[in-house]
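**Student:** Supplied in C-alpha cells, the structure appears directly below.
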There are 2 protein chains.
Amino acid sequence: MLRLAYIIMNLKELSKVLKLSISTVSKALNDSSEISAATKKKVVAKAKALNYHANPFASNLRSQKSKTIAVIIPAIANNFFSLAINGAESYAQGKDYHVLIYQTHEELQKEIAICKHLYNGRVDGIMVSLTRQTNDTAHFLDLKKKGIPLVFFDRVAEKIDAPKITTDDYESAFIGMQHLLKTGCKKIAFLSISDTLSISNKRHDGFIDALKKHKIKPEKNLMLACDNDENANKKKIKKLLTQKNKPDAIFACVEELAIASYEICEELKIKIPQDVKIISYSNLQTASILNPALTTITQPAYEIGRKAASILFRLINKKEPNLSEENTVLKSTLIVRKSTGEKK
Amino acid sequence: MLRLAYIIMNLKELSKVLKLSISTVSKALNDSSEISAATKKKVVAKAKALNYHANPFASNLRSQKSKTIAVIIPAIANNFFSLAINGAESYAQGKDYHVLIYQTHEELQKEIAICKHLYNGRVDGIMVSLTRQTNDTAHFLDLKKKGIPLVFFDRVAEKIDAPKITTDDYESAFIGMQHLLKTGCKKIAFLSISDTLSISNKRHDGFIDALKKHKIKPEKNLMLACDNDENANKKKIKKLLTQKNKPDAIFACVEELAIASYEICEELKIKIPQDVKIISYSNLQTASILNPALTTITQPAYEIGRKAASILFRLINKKEPNLSEENTVLKSTLIVRKSTGEKK
C-alpha cells in the first residue's frame, strides 16, 4: 500500500506544484485536445524537471491500452522463431510498443494456459505460432470472442478466422524434393514433427506429389512422425537408418530433426552425402559450417515476423475490420550445399 | 471507454447476481481472510460459471504487483541467452509469474531506453545481462533508487550493488588456455567482444596469466577487439589469419566469433585444426557436428538463469534485505573436440 500511495502522491504533488487540477495535469500529460498547447508545454516541462513518471497500471486502466503485444511461440531456442521475433519487434518498436514473449515448449496445455492468462486484456494483440501438439484450437476462439486482435504465423490454425502469415510450404517442399530426385535419390525418408500442423501437412503433400511426379511410390516405413521427446526421435532415426529398407536421403521438416540425423550419422559412421543425403527446412546460422554443410529450405523468418506484426497493428488500430480473411504467403529459398552432394 | 465499462460491469454484475457487495466479491476472489470459506466457495463457483475474468490493470493497481519479471538481454538468437531464459522461466512459472523478454541488440542506448520504460514499476523485478557497449551503468542506479529488485547475470555491472550470477570466467579461460598450450600452441589469438564488460576482462586475465605461466609473451597484433558490426569483425579476423604474425590458435570469447572464424577459414582454405586450432565459449547446439567439431568452454546457462531468477524472487518477496552482496559463481565445463586437434 505504501508504494501505491507514493505513486499517486506523485501525480497529486505535481498538480499542487503546478497549481492545476489533477485532471488537467493528467490530460496535459496524455496530450489531450482539451488542453492548450501552452499548458501542455508547462506541465510536460515540470513533469520532466521533477522526474515524474506515470503509474503504468493507473494509466493503462484509463486508456485500456497495454502498449504491449504478445508473441506465443513453441521456443526461442530456434533460429526461425528468434528471427521472427526480431522482425515483429522491429515493427512494434516503431509503434512504441513492447513485445511479450511466451514459450509453449511445444505443449498444448501451456498454449491453453497462456491464452487464458491473456484472455483478460493484458495485451493489445497476439501473434501465435502453434505447438506441434495443437489439434484443437478452441482456446483461440475465446480470445476472438473477447475482441482481442489475433494473427497466426507459420504454424497457423486453419479453422480460426484470423489473418495468417505463412511460407509456401507445399511449393518449397516440392522444389526441395525435385532437387533430391534430380541427384538420383529414390528412397527418400520424410521426418515430420506433427500430423496435425498445417505446415507438416503441406510439406507432406509437396513431398508426396514430387514423388508421384517421378513415378515413385511413397513407402510407409520411410515416413517418420516425430514428437517432443528428443531421445525417442533419435531412436526412431537410428532405426530408420539401420532398417532393411534404408533411405538414400532424408527430408527433414524442421532443423532439430536434421541436427538429430547428423548426430546419428556421426554415431553410426554413416557418411553424408555418400550414404545418405540430407535436406532440411532451417534458418540455422551454422548450416554452412556443418560437417558437411547442410542443404536448406530457408524461410524468410524475419519478414514473416515483421509482416505478422504489421497486420496485427492494423487490427489493433481497427483501421481495417475485414482483415480476418487476409492470408499472406512469403516464399522460402532452396540453398544447395554439400549435404545433398552437389555443390561445395 | 466501452471496453473499460464492460469489464467493470462484469464485477458489478457478478456482485448483483450474488447479492453481495462488490467489496465482498472482490475480497472473496482474492482469497481474503476477512471472508468465510463458504462465501468464497460460492463466489468462486459463480465467477467460474459466469466466466468472470478480473481486469488485470484494475487488480494490478490494487495489489501493485504486476506478476511479471523482465529479463533484459543482448539477444535471444544466442544459445546462452535462450537457455538462460528457459532457466529463469522455469523458476518464474513455479511462482505463477510471467517473463517479459527485452532485447538490447547489444546497444547501450536501447538498454537505457528499456530501463526508463521499466522505471515506473511495470514489472516486479528485473534480470539483466549487459550489452557489449555498456561502459556506464548509471541507468541501473535509477532503478535501484526506485526500489525495483535487480539481479545481474553473466555480463554484470561491477559497480552496482546488486546480486550477480556469473560463471568462473577467469578460471575457465585459464583451463581452456592450458588445454591449447599443452597441444603445443605458442601464438594464440584472443577474440574479445568488448573492452568494458566484466566477462571479457576476466577471460582476458585468465588468457594472459596462462600465457605467462608458460613463459609466453602476449602479442599485441594477436589481440582482437570485436564489436557489433559483423562484417567488420570478419574483416578483422581475415586480416589476423593472413598477417605475417599468424596465430596457431584462436581463443574466442563468444560463439559468434568462433562461427565467423570458421567461415573465414572455409573461405581462405585454412584447415582447422591443422593450420589453426579454435576454442570458444559456447552453448551452440551444433558444436559437435560442425566441420570440425568445436572445442567449447560451456557455461551452465540454464542454471545461471534459474539461479538469477530464484535470487530475484527472494528480493521481490523481501525475505532477505541484504542480498545485494550475494554473488554466485557457477562453473563452466571444457569440452574437447576436433577443432583443437585432440579428440574426435
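**Student:** Can you list, shortest first in nanometers, how far residue B:42 lies from the same residue in the other copies, with each label 7 Å from Cα toward Cβ?
**Tutor:** Here the equivalent label points are 5.4 nm apart from this one.
**Student:** Return one number: the angle in degrees, 0 to 90 and rounded to the nearest 10, between the long axis of the Cα atoms of helix B:37-49 and the longest principal axis of the Cα atoms of chain B.
**Tutor:** Helix B:37-49 sits at roughly 70 degrees to that axis.
**Student:** Over what distance in Å are the Cα centres of the range B:115-165 and the range A:221-250 separated?
**Tutor:** First find each Cα centre; the distance between them is then 47 Å.
**Student:** Which percentage, to the nearest 5, of the DSSP beta bridges contained in chain B is antiparallel?
**Tutor:** 10
**Student:** With +1 on each Lys and Arg Cβ and -1 on each Asp and Glu Cβ, how big is the dipole of the protein assembly as shown about its Cα centre, in debye rounded to the nearest 20? Walk me through the numbers on the way to the answer.
**Tutor:** On the way: 108 positive and 72 negative charges, 148 e Å.
Computed about the Cα centre, the dipole is about 720 debye.
**Student:** Then there's this: So between residue A:220 and residue A:17, what do we pick up on full extension, going 0.36 nm a residue minus the alpha carbon distance? Let's see the in-between values first.
**Tutor:** Working: separation 203, 0.36 × 203 = 73.08 nm, distance 7.83 nm.
Taking residue A:220 through residue A:17 to full extension adds about 65.2 nm, to one decimal.
**Student:** Could you tell me whether the range B:91-219 comes out rounded, prolate or oblate from its Cα gyration tensor? Rule is a ≥ b ≥ c as square roots of the eigenvalues, rounded for a/c under 1.5, then prolate if a/b exceeds b/c, otherwise oblate.
**Tutor:** Working: a/c = 3.02, a/b = 2.30, b/c = 1.31.
The shape class here is prolate.
**Student:** Another question, then. Per DSSP H run of at least 4 residues, take -39500 (n - 2.57); add these up for the protein assembly as shown, divide by its residues and hand me the 222 nm value, nearest 500 deg cm²/dmol. Don't skip to the end; give the middle numbers.
**Tutor:** Details: 24 runs with 308 residues, N = 688.
-14000 deg cm²/dmol, from helical runs alone.
**Student:** For the protein assembly as shown, what mean projected area does the convex hull of the alpha carbons give, in nm²? Each step should come with its number before you reach the end.
**Tutor:** Details: hull surface 135.8 nm².
For the protein assembly as shown, averaging the hull's shadow over all directions gives 34.0 nm².
**Student:** If you don't mind, there's one more thing I want to ask. Build a GNM of chain B with springs between Cα atoms under 10 Å: which of B:150, B:290, B:197 gets the top mean-square fluctuation?
**Tutor:** It is B:290.
**Student:** What does the convex hull of the alpha-carbon atoms of the range B:189-336 project to on average, in nm²?
**Tutor:** For the range B:189-336, averaging the hull's shadow over all directions gives 10.6 nm².
**Student:** Sticking with this structure for a sec: Quick check on chain B: take the gyration tensor over C-alpha atoms, sort the square-rooted eigenvalues as a ≥ b ≥ c, and tell me if it's rounded (a/c under 1.5), prolate or oblate.
**Tutor:** Values: a/c = 2.89, a/b = 2.71, b/c = 1.07.
It is prolate, given that a/c is not under 1.5 and a/b is the larger ratio.
**Student:** Based on other C-beta atoms within 10 Å, arrange B:306, B:132 from fewest to most.
**Tutor:** Ordered by Cβ neighbours within 10 Å, fewest first: B:306, B:132.
**Student:** Within a 10 angstrom radius of each residue's Cβ in A:235-242, how many Cβ atoms of other chains show up on average? Whole number is fine.
**Tutor:** Values: counts 0, 0, 0, 0, 0, 0, 0, 0.
That average works out to 0.
**Student:** Could you quickly flag the chain B residue whose beta carbon comes closest to the rotation axis taking B to A, and that distance in whole angstrom?
**Tutor:** Nearest Cβ to that rotation axis, in whole Å: B:291, 2.
**Student:** So how much slack lies between residue B:244 and residue B:195, counting 0.36 nm per residue of separation and subtracting their Cα-Cα distance, in nm?
**Tutor:** Numbers: separation 49, 0.36 × 49 = 17.64 nm, distance 2.51 nm.
Full extension of this stretch gives 15.1 nm more.
**Student:** What is the extension gain from residue B:44 to residue B:90, computed as 0.36 nm multiplied by their sequence separation minus the C-alpha to C-alpha distance, in nm to one decimal? Could you put the intermediate results ahead of the total?
**Tutor:** Working: separation 46, 0.36 × 46 = 16.56 nm, distance 2.82 nm.
Additional length available on full extension: 13.7 nm.
**Student:** OK, next. Inter-copy label distances at residue B:221, 7 Å along the Cα→beta-carbon direction, one decimal in nm, shortest first?
**Tutor:** Result for residue B:221, in nm, nearest copy first: 6.3.
**Student:** Which distances, shortest first and in nm, link residue B:135 to the matching position in the other copies, using label points set 7 Å out along Cα to C-beta?
**Tutor:** Once sorted, the set of distances for residue B:135 reads 5.9 nm.
**Student:** In what sequence do B:90, B:261 fall when counting other Cβ within 10 Å, fewest first? It would help to have the intermediate numbers written out before the result.
**Tutor:** Working: B:90 15, B:261 28.
In order of increasing Cβ crowding within 10 Å: B:90, B:261.
**Student:** Do any of B:234/B:269; B:19/B:42; B:182/B:338; B:212/B:239; B:182/B:244; B:186/B:212 go past 19 Å between their Cα atoms, and which?
**Tutor:** Those over the limit are B:212/B:239; B:182/B:244.
**Student:** With axes computed from alpha carbons, what is the tilt in degrees of helix A:79-94 against the longest principal axis of chain A, rounded to the nearest 10 within 0 to 90?
**Tutor:** So the helix axis and the longest Cα principal axis differ by about 20 degrees.
**Student:** Further, regarding this structure: Pick from B:309, B:37, B:252 the residue whose mean-square fluctuation is largest in a GNM of chain B, springs joining Cα atoms under 10 Å.
**Tutor:** Maximum among the listed residues: B:37.
**Student:** Set the Förster distance to 51 Å, then compute FRET efficiency between residue A:235 and residue B:270 from the Cβ-Cβ distance, nearest 0.05.
**Tutor:** Working: r = 38 Å, r/R0 = 0.75.
Step by step, r from the Cβ atoms, then E = 0.85.
**Student:** Oh, and also: Relative contact order (percent) for chain A, with alpha-carbon contacts under 8 angstrom and 6 or more residues of separation? Write out the running numbers ahead of the final one.
**Tutor:** On the way: 588 pairs, mean separation 62.2, N = 344.
Across chain A, relative contact order equals 18 percent.
**Student:** Mind pulling the angle between the C-alpha long axis of helix B:169-182 and the longest principal axis of chain B? Nearest 10 degrees, somewhere in 0 to 90.
**Tutor:** 30
FYI, it's all coordinate maths here, none of it is from the lab. All values derive from a computational prediction rather than experimental measurement. So basically every Cβ, Gly included, is an ideal-geometry build from the backbone, and we count neighbours across all protein chains shown.
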